[in-house]
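The values are calculated or read from the model by the stated rules, or taken from the named source; none is laboratory data. No experiment lies behind these values; they were computed from the predicted model shown. Don't worry about glycine lacking a Cβ; one is built from the backbone with ideal geometry, like all the others, and counts go over all protein chains shown.
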Amino acid sequence: MDLNSPLFDRVRTRPRCDEAVAADAEPSCGHPGCMLAGLYRAPQGRGREGQYFHFCLDHVRAYNASYNYFKDMPDEAVAAYQKADLYGHRPTWRMGVNGSAAHGGAKLHEAFAEATIDDAFGLFGKRGFSQTGGAPGQASARVGNAARKALDTLGLEPGVDKAALKARFKELVKRLHPDANSGDRSHEDQLREIINAYNYLRTAGLA
């Protein structure tokens, strides 16, 4: 078969419907006097975001080379735009200024305070929750890591009241003091840790 035969020049195939529609739908280049297809989009500029010109490849390159989004924009406005671009131009507030968020947090706190939690396994006891609906985080908010360590030295959990804490301290001192052990000083280091822990809790206002 001779592929160079002139008979093949007479063979014509009809384009498919979708190809014909696509060819007709192609925009022409927006540059004056250019008859090529405008296959490449170029933004129209500030104030017309989302709108585009259509150019051929050569003219879109020329357009992009001279395109300046900040043209005729004051330096102060350019600096403000660049700063806002760091957080996506979203609204921001200083700490404690967003009143609506603070109001919502107060409502959430009230909802927890009024709720009754059925904590059969005591999962929330160490986090300041109570089965009678105590405010969430009430105890943990007052107890930092150092206070938790001091309470652990005394064998107590966060949230214990002052009377129980004082009674526990007296009990441990009586048990470990040399006078109560016939002069035995083997527990002096442990006793010193307990006294230091109790003094810290008193300084923190927990005892």
Would you confirm whether or not the range 167-174 contains a residue that is touching a residue at least 12 places away in the same chain (Cβ under 8 Å) and of a type in the set (Gly, Ala, Ser)? no
Taking the condition closer than 18 Å to residue 204 by Cβ, of a type in the set (Lys, Arg) and loosely packed, with under 13 Cβ neighbours inside 10 Å, does residue 162 pass? yes
So, in the range 36-56, how many residues would count as being modelled with pLDDT of 90 or more and either among the charged types (D, E, K, R) or loosely packed, with under 13 Cβ neighbours inside 10 Å (or both)? 2
